[in-house]
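A.B. asks: Handing you this structure, nothing more for now.
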Amino acid sequence: MLVLRRRAGEAILLGDDIEIEVVEISRTRVKLGVKAPRNLPVLRREAAAVAGENKASALASGDDIQNILRLLRNSTCQA
Amino acid sequence: MTAEAMATVRVQTKVRSRFLGELSNEPGSELFLPAGIPGFESEHSLLPVEIPAYRPLVFLQSTERPDVCFICLPVSSIDPDFSIVVGEDDRATLGLPAEGELVAGEDILCLALLLPLPGAVRTNLDAPIVINLRTYLCAQVVLTRCNGSRRLAADGRWEREC
């Protein structure tokens, strides 16, 4: 991993199309500004994992819905 | 389409869904997602749908793409002790006050996306869909690990996943 030190207002470049600027630094967080092509998703790392989950959720089938309902109704019956 | 532009659309429209067929979209009933959600950054409008035969599920159907339909449950039905801290960036996206307590059911509604697995269902309570109940602005709030994942097993119990 390449590690660079930047102050607020300074930036780094990734290739020709991507710029990351340190907008603000607080005691516990850094605010970053990202300029990148619109077709390049820019995500927090934890959001990238969620993206995969969301895609899987959106691909659920009609059979999946019935299975989910069956499981939920098992839960209700046991309540 | 911006939220303001969508607010000016007063005619009822139809929304097609791969699960639910043709749905009527009453003006003002859709949720507006300024930033989409991870993996679906171009999805800015979802129609919430509840169908008696499928209760307690809540479907979030894309108004643009029939093949994009998320299956959800209110988070409170999975974990009654669920709590969420909405950060300033997410509050700004959702049009919420920058500070102050947010009351579930009054200010916001949290939905959990369901992920079907073989014989089970999983949901990530660290990535709820949060809806501003006053403006219908919506976003997926991704938390650093606080509530964890839950799995609904064959015996009908929601179990915390490690």
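The values are calculated or read from the model by the stated rules, or taken from the named source; none is laboratory data. Predicted, not measured: the structure shown is a model, and the values here were computed from it. Note: ideal-geometry Cβ built from the backbone for every residue, glycine included; neighbour counts use all protein chains shown.
A.B. asks: Tell me the strands (runs of 3 or more DSSP E) entirely within segment B:109-162 that contain at least 3 residues that are surrounded by fewer than 18 Cβ atoms within 10 Å (Cβ to Cβ).
C.D. replies: Result: B:158-161.
A.B. asks: Got at least one residue in segment B:95-111 being under 21 Å from B:Gly39 (Cα atoms), over 13 Å from the mean Cα position of the chain (by Cα) and free of Cβ contacts under 8 Å to residues at least 24 places away in the same chain?
C.D. replies: No, every residue in segment B:95-111 fails to be under 21 Å from B:Gly39 (Cα atoms), over 13 Å from the mean Cα position of the chain (by Cα) and free of Cβ contacts under 8 Å to residues at least 24 places away in the same chain.
A.B. asks: Pick out, from chain A, the strands (runs of 3 or more DSSP E) lying fully within it that include 1 or more residues that are in contact with a Lys or Arg (Cβ under 6 Å, 6 or more places away or on another chain).
C.D. replies: Ranges flagged: A:18-25.
A.B. asks: Between residues in segment A:1-17 that are closer than 12 Å to A:Val30 by Cα and residues that are of a type outside the set (A, V, I, L, M, F, W, C), which pairs lie under 7 Å by C-beta distance while being six or more apart or on different chains?
C.D. replies: A:Ala8/A:Glu24
A.B. asks: What is the number of the single condition among (1) surrounded by fewer than 10 Cβ atoms within 10 Å (Cβ to Cβ); (2) away from chain B (no Cβ under 13 Å); (3) of a type outside the set (Asp, Glu) that A:Arg45 does not meet?
C.D. replies: Condition (2) is where A:Arg45 drops out.
A.B. asks: Would you mention how many residues in segment B:97-116 are touching an Asp or Glu at 6+ places or on another chain (Cβ under 7 Å) and away from every other protein chain (no Cβ under 12 Å)?
C.D. replies: 1
A.B. asks: Turning to a different aspect of this structure: Whether any residue in segment B:74-81 is within 14 Å of another protein chain (Cβ to nearest Cβ) and touching a residue at least 40 places away in the same chain (Cβ under 8 Å) is what I want to check.
C.D. replies: Yes, segment B:74-81 contains a residue that is within 14 Å of another protein chain (Cβ to nearest Cβ) and touching a residue at least 40 places away in the same chain (Cβ under 8 Å).
A.B. asks: Answer yes or no: is there a residue in segment A:13-36 that is facing chain B (nearest Cβ under 7 Å) and over 25 Å from B:Pro66 (Cα atoms).
C.D. replies: Scanning segment A:13-36, I find no residue that is facing chain B (nearest Cβ under 7 Å) and over 25 Å from B:Pro66 (Cα atoms), so the answer is no.
A.B. asks: Look at segment B:121-147 and say how many of its residues are touching a Leu at 6+ places or on another chain (Cβ under 6 Å) and modelled with pLDDT under 85.
C.D. replies: 1
A.B. asks: Please enumerate the residues belonging to segment B:36-72 that are acidic (Asp, Glu) and either more than 7 Å from chain A (Cβ to nearest Cβ) or surrounded by 21 or more Cβ atoms within 10 Å (Cβ to Cβ) (or both).
C.D. replies: B:Glu43, B:Glu50, B:Glu64, B:Asp67
A.B. asks: Would you point out the residue of segment B:117-162, among those that are under 27 Å from A:Arg45 (Cα atoms) and of a type in the set (D, E, K, R), that is farthest from the other protein chains (Cβ to nearest Cβ)?
C.D. replies: Among those that are under 27 Å from A:Arg45 (Cα atoms) and of a type in the set (D, E, K, R), it is B:Arg160.
A.B. asks: Yes or no: segment A:53-61 includes at least one residue that is more than 9 Å from chain B (Cβ to nearest Cβ), exposed (fewer than 14 other Cβ atoms within 10 Å of the Cβ) and free of Cβ contacts under 8 Å to residues at least 60 places away in the same chain. Walk me through how you get there before you give the answer.
C.D. replies: At the first step, the residues of segment A:53-61 found to be more than 9 Å from chain B (Cβ to nearest Cβ) are none.
Scanning segment A:53-61, I find no residue that is more than 9 Å from chain B (Cβ to nearest Cβ), exposed (fewer than 14 other Cβ atoms within 10 Å of the Cβ) and free of Cβ contacts under 8 Å to residues at least 60 places away in the same chain, so the answer is no.
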